[in-house]
Amino acid sequence: MKADDGSKDQSYFLHRLNQAQLSKTLFPLGHLPKREVREIARRAGLPTSEKKDSTGICFIGERPFQEFLSRYLPRTPGEIQTPEGRVVGEHNGLMYYTMGQRQGLGIGGSKESNGEPWFVAGKDMQRNVLIVVQGHEHPLLLNDGLVASNLHWIAGEEPRTHWVYAAKTRYRQPDAPCEIDKLEGDHTEIRFGQAQWAITAGQSVVVYESNVCLGGGIITSAL
């Protein structure tokens, strides 16, 4: 189930738990908003009661993500291009960028006539080219569906096809109405009632029925 405090719900990250794991798992804070947890900690005299909420990537702390990756992955610079092939800058390596990224592109000063910000819209791995577009609602950033694999269903039962569920393709995203269009073994196609922004291969798609997390899979491509 989702936590009662929607702003702290972790079911998106926990959707791959199985029944054996859940049978020995407790979620004692699932019914409490964060402010009440802080108050309980304050009354108990715990020093963490006033600790700021953690941000960034939990397992590496608050540090620049590109700097962290550069310690393990060599830089492979290449061109930043528009979909039409116009070069607008240079990237440090395709692995440092993600779909929909706006910050850290280094091309803020090269805006065209419409004056809108740049967003990552794709990667050409063969040519080592980063594709960028202008405008949050550019068509290349919007997709009606996705293909996912490496599926996992928490209860061990596959959901129904052509039934209205809801899904997230990234953490903190509002639930988006969807249908499971195809479900064949370890692959599925999910279609959304409204186009979704910056669906990204490698991230998880997590399916819900009301407040119940059914499970999900790893996005392989957008449709």
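A few points about this structure:
- Residue match in region 43-54 (condition: touching a Lys or Arg at 6+ places or on another chain (Cβ under 8 Å) and either in a helix (DSSP H, G or I) or surrounded by 10 or more Cβ atoms within 10 Å (Cβ to Cβ) (or both)): yes
- Filter result (in contact with a helix residue (DSSP H, G or I) (Cβ under 8 Å, 6 or more places away or on another chain) and on the phi > 0 side of the Ramachandran plot) within region 178-223: Ala198
- Identification of strands (runs of 3 or more DSSP E) wholly contained in region 110-208 with 3 or more residues that are farther than 17 Å from Thr82 by Cβ yields 142-153, 164-168, 176-184, 187-197.
Each reported figure results from applying straightforward, stated rules to the coordinates on display, with no laboratory input. Everything numeric here is computed off the predicted structure, so don't read it as measured data. Virtual Cβ from ideal backbone geometry, glycine too; neighbours counted across all protein chains shown.
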